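One structure below.
The values are calculated or read from the model by the stated rules, or taken from the named source; none is laboratory data. Computed from a prediction, not measured in an experiment: that's the story for all the values here. Don't worry about glycine lacking a Cβ; one is built from the backbone with ideal geometry, like all the others, and counts go over all protein chains shown. Side chains are part of the model used for accessible areas, which takes the heavy atoms of the whole protein and leaves out ligands, DNA and RNA. Shrake-Rupley method; radii C 1.70, N 1.55, O 1.52, S 1.80 Å.
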Amino acid sequence: MKLLGIDYGDMRIGLSIGELNIAVPFRAIQSKTMKENVDTIAKIIIDNEIEKVVIGLPLNMNGTQGKRAKKTKAFGAVLQKVTQKEIDYQDERLSSISAKEKLHDINLKKNKRKDKTLTDILSAQLILEEYLGNRN
């Protein structure tokens, strides 16, 4: 089964693709209106023959859903309606911090580590990796 991992943000949306137990960074898109975001991702789903979508859910540290989580779920509901694909959510608490640490660990130059696009793509990969790990 081919999956699309999404790190949904106001500025950028990080994407990763996964199969079996492997998730790889894919790309980031600039976040626009809900309709434009859904249309862009729906095309990516078709072009890449995605069967399921996993969206990072930004829960509060105590596990509750705040405004950001509600906005993410609203996006997921519209994406599901348009694509008719199954949508699952994965707790993404601290995924951006983990992504930044990973970029530091692979010794990228400081100016590359500050590239928020890389962080968003890597966050999407980490979200999907955790989902795949939990599934097994």
Total residues in segment 42-57, condition in contact (Cβ under 8 Å) with a residue 40 or more places away in the chain and at negative phi: 11
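Kindly evaluate ASP120 against the criterion of being acidic (Asp, Glu), buried (at least 19 other Cβ atoms within 10 Å of the Cβ) and at pLDDT below 95.
Criteria met by ASP120.
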Lone qualifier among ILE17, ILE22, ILE45 - being in contact with a helix residue (DSSP H, G or I) (Cβ under 7 Å, 6 or more places away or on another chain), modelled with pLDDT of 90 or more and aliphatic (A, V, I, L, M): ILE45
Segment 48-69, residues that are modelled with pLDDT of 95 or more and charged (D, E, K, R): GLU49, GLU51, LYS52
Test: residue in segment 22-30 that is open to solvent by 80 Å² or more (accessible area, probe 1.4 Å), in a loop (DSSP other than H, G, I, E, B) and either over 15 Å from ILE127 (Cβ atoms) or touching a residue at least 24 places away in the same chain (Cβ under 8 Å) (or both): no
Identity of the residue in segment 72-100, open to solvent by 40 Å² or more (accessible area, probe 1.4 Å) and at pLDDT below 95, that ends up nearest to LEU3 (Cα to Cα): ASP91
Residue in segment 59-69 that is closer than 12 Å to ILE6 by Cβ and either in contact with a helix residue (DSSP H, G or I) (Cβ under 6 Å, 6 or more places away or on another chain) or surrounded by 14 or more Cβ atoms within 10 Å (Cβ to Cβ) (or both) present: no
